[in-house]
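What follows draws every value from the coordinates through simple rules; no lab data is involved. The shown structure was predicted, so the numbers you read here are calculated from the model rather than taken from an experiment. Here the Cβ positions follow ideal geometry from the backbone for every residue, glycine too, while neighbour counts run over all protein chains shown.
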Amino acid sequence: MKNDKKCSFQPDHVAKRLHQCLIRDLNPQGFHLGGSENTPEVLYDPSAYFANHQSTCFLKKYKSSDTNQEELANKCIQKFMDINANASSINHSFAYPTFGSGVLQDDVVGRILVAARWLIHDLVGDLDTQEWFKACDVSSGTTLGLKFEKTNIEDKFTYPITCTDTAKGALELLFSWDHQLDCSVREMNRYSDSPRYRIVPGSRVTTVDKDDRARRMIAIEPTGNMFLQLGLMTILYKRLKLFGLDLSSLPQKHAELAYIGSITSKVSTIDFSSASDSVTTSLVSYLFPPDWVKAFNICRSPVTSCNGEELYLDVYATMGNATTFPIETIVFYALAVATTAYYNDNPLSVGQFKGYCSVFGDDVILPTDVADLFILVSSVLGFSVNREKSFFSREGRFRESCGSDFLSGRNVRPFYLKAPTSSRKSSLEPWLYSIFNGTLEKYISYFGPVKALYQSLPREVIRIAVENGIDLKFVPSHYPDDSGIKAFDLFDRLKANILDPLKAKVSPVYLGQHGTVRIRYTRFVYSRNKGNTVDLCNRSDELRYWHALRQASNQQNLNYLHVILARKTLCLRSHALLSDYFYRTAIEPRYLSKKVGGYVVASSIVFMN
């Protein structure tokens with residue numbers, strides 16, 4: 001028991017200390033803390049708003065040990081069951097999708113849906129089966145029938161492969177089309193006594209952390225279904241990119257549009273509550289072309305296991321299905337553009353208004369004049385607008401989208417403290433680094449680069465590190481937040497103002513030749529004892545060769561090809577197969593601690609510009 005106390009710390013106590021320091025830092029500016037954020041003196045002053053918002057939201061996403069996670073999980077699942085029940089009535093409304101019946105009895109909603117349907121057909125085009133099979137891939141996450149740590153490509157194709165009855169036929173067709181994959185999988189399972197497939201009814205529901213008040217529901221899909229879903233997802237992403245919606249760059253675009261909207265108020269940002277769980281099967285069937293709908297139904301899970309009971313899904317899918325996000329994006333984009341066209345009395349020329357709207361998942365940006373009509377249409381289709389995160393007032397100057405908050409053109413996004421991975425002391429150091437790096441960026445923006453270092457919160461983080469005997473590590477700015485303090489350029493100032501007065505110890509940085517330095521940093525690695533890594537002798541070179549050939553444009557996969565070919569020629573075993581590449585480091589990191597699993601200390605050489 002005594003050893004456990006020495007090797008652990010109290011995250012809640014640390015969080016309270018840091019929160020008190022943050023309030024102490026922001027309160028001297030004379031802003032009222034704890035009041036309504038909608039008061040005039042707070043709403044129109046970016047500095048006052050940030051001080052108030054940061055103080056109230058600092059612990060919003062922190063999972064306290066006192067929180068009843070089981071109760072939050074039950075509420076989350078019950079909420080999903082209520083949404084699914086509501087989706088049943090929406091599906092009934094779409095049973096006869098003609099004007100004057102069901103959802104389309106409203107002439108406004110009917111015309112907008114027809115325009116949205118035309119736009120989606122133009123966006124996705126026809127689905128070619130060969131293109132679909134060529135785009136199929138394995139995921140890096142867990143799937144039904146496999147434990148979390150078993151996410152390698154070998155694990156995904158080890159017999160039996162879980163899939164639904166409808167997906168089995170598509171998988172058989174895919175294996176007959178891709179002879180190389182079929183032979184590789186059969187060769188890897190040549191000594192297995194298990195059947196090739198294990199038919200399951202559908203997915204399984206679980207919940208993950210969201211914030212201190214709620215949990216988020218996701219579904220763990222069968223392995224075979226996920227393999228097919230990723231192919232459809234890849235094609236939809238390509239179609240969206242050709243249509244001007246590049247999902248890889250849309251968050252940055254949304255931040256820019258939110259910035260413009262916070263100044264002009266001509267652009268509104270709309271966010272939905274549980275949007276991914278609210279897209280009904282009838283809406284997808286009505287808006288998308290028949291060949292796409294057929295493919296969606298083949299690889300989706302018609303039922304899900306919820307608290308040990310099977311629940312028939314009236315919603316199309318939940319988060320966990322690889323096609324949920326692109327379908328959600330396409331549906332909201334089409335509805336937003338169609339609504340904009342109808343508002344401008346030109347619903348038949350919907351293509352002219354493609355540039356007026358932008359959508360990333362359930363984050364919708366559209367003209368402010370159209371916002372009320374768009375919210376009305378969305379509510380008729382079963383979507384619920386999140387009023388706390390939607391801003392469409394013509395007088396308001398606040399806009400939020402894709403994690404970017406702007407008030408009158410100023411970034412007022414707060415730092416959210418999240419709980420550490422565990423209460424062991426090995427997790428304290430990287431947690432403090434994440435807090436220091438995250439809050440320092442906000443403090444520099446708020447106080448300025450000089451005054452930020454004189455505040456209580458940065459000092460308190462360093463003081464906690466000193467109390468626990470931590471040697472502080474400094475890393476370049478491109479390293480992860482939990483790897484060390486990302487303040488090489490501020491080291492001298494930090495040393496004079498904080499490190500020396502608190503007698504903090506700093507991990508040494510060794511200068512090398514040719515502009516290189518050797519640094520130490522913390523890094524999270526998964527335990528090798530749990531089977532998450534594949535022994536080199538058990539790796540399937542044929543399967544990895546197939547996977548690398550399909551993605552040969554990736555430099556890392558080209559390295560795979562070279563190594564595998566060398567092994568096939570020279571019959572050598574090489575550690576170069578391990579996918580542990582650091583794109584901006586000179587050599588592979590070297591672990592300095594014997595512990596493998598959780599946070600460890602590593603050493604690496606980096607190039608200094």
*Taking the simple approach of a point 7 Å from Cα along Cα-to-Cβ for both K451 and Y159, what is their distance in nm?*
7.1
*Exposure proxy check: F272, F391 ranked by fewest other beta carbons within 10 Å?*
F272, F391
*So how do M226, M188, M319, M217 line up by other beta-carbon neighbours within 10 Å, fewest first?*
M319, M188, M217, M226
*Using the structure shown, list the pairs from K60/K451; K75/K156; K442/K486; K134/K168; K61/K389 with a Cα-Cα distance above 22 Å, or answer none.*
K60/K451; K75/K156
*Under 18 Å Cα to Cα from K266, which aspartates and glutamates show up? Leave out anything in the same chain fewer than 8 places away.*
E256, D363, D369, D372, E395, E400, D405
*Amide H contacts under 5 Å for V412, placed H, 5+ residues apart*: D405, F406, L407
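How much length would be gained if the chain were fully extended between D122 and D107, taking 0.36 nm per residue of separation minus their Cα-Cα distance, in nm to one decimal? Each step should come with its number before you reach the end.
On the way: separation 15, 0.36 × 15 = 5.40 nm, distance 2.29 nm.
Extending this stretch completely gives an extra 3.1 nm.
Could you work out the local net charge near G224, counting Lys and Arg as +1, Asp and Glu as -1, over the other residues with Cβ closer than 13 Å to its Cβ?
With Lys, Arg at +1 and Asp, Glu at -1, the neighbours total +1.
Please give the length that would be gained between K147 and E309 if that part of the chain were fully extended, namely 0.36 nm times their separation in residues minus their C-alpha to C-alpha distance (nm, one decimal). Write out the running numbers ahead of the final one.
Details: separation 162, 0.36 × 162 = 58.32 nm, distance 2.08 nm.
Roughly 56.2 nm would be gained on extension.
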*asked:* Please arrange K60, K150 by how many other C-beta atoms lie within 10 Å of their C-beta, fewest to most.
replied: K60, K150
*For C183 paired with E467, estimate the spin-label separation in nm (one decimal), with each label point 7 Å from Cα along the Cα-to-Cβ line.*
6.4
*For an R0 of 35 angstrom, estimate the FRET efficiency from the Cβ-Cβ distance between L549 and V208 and round to the nearest 0.05.*
0.55
_Per-peptide average of other Cβ atoms within 10 Å, ordering 152-160, 127-135, 356-364 highest first_ = 356-364, 152-160, 127-135
*Under a 5 Å amide H to amide H cut-off, with H placed in plane at 1.01 Å, what residues pair with S301 once short-range neighbours are removed?*
none
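FRET efficiency for S423 and S393, Cβ-Cβ distance as r, R0 = 51 Å, nearest 0.05?
Details: r = 43 Å, r/R0 = 0.85.
Computed FRET efficiency for S423 and S393 comes out at 0.70.
Estimate the FRET efficiency between D492 and K16 by the formula 1/(1 + (r/R0)^6), using the beta-carbon distance for r and 35 Å for R0, to the nearest 0.05.
Working: r = 32 Å, r/R0 = 0.91.
Efficiency, rounded to the nearest 0.05: 0.65.
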*Count charges around G484 for me, please; just the other residues with Cβ under 12 Å from its Cβ, Lys/Arg as +1, Asp/Glu as -1.*
0
_Separation between Cα centres of the range 178-192 and the range 352-386, rounded to whole Å_ = 47
*Within a Cβ distance under 9 Å of M188, other residues only, what is the Lys/Arg minus Asp/Glu net charge?*
-1
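Multiply the residue gap between Q78 and F243 by 0.36 nm, knock off their C-alpha separation, and tell me the result in nm, one decimal place.
Values: separation 165, 0.36 × 165 = 59.40 nm, distance 3.75 nm.
Here the segment from Q78 to F243 would lengthen by 55.6 nm.
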*Points 7 angstrom from Cα along the Cβ direction at D345 and Q130: gap in nanometres?*
5.0
_Taking the alpha-carbon distance from K294 and a cut-off under 17 Å, which aspartates and glutamates remain once sequence neighbours fewer than 8 residues away in the same chain are dropped?_
D126, D128, E131, D165, E172, D314
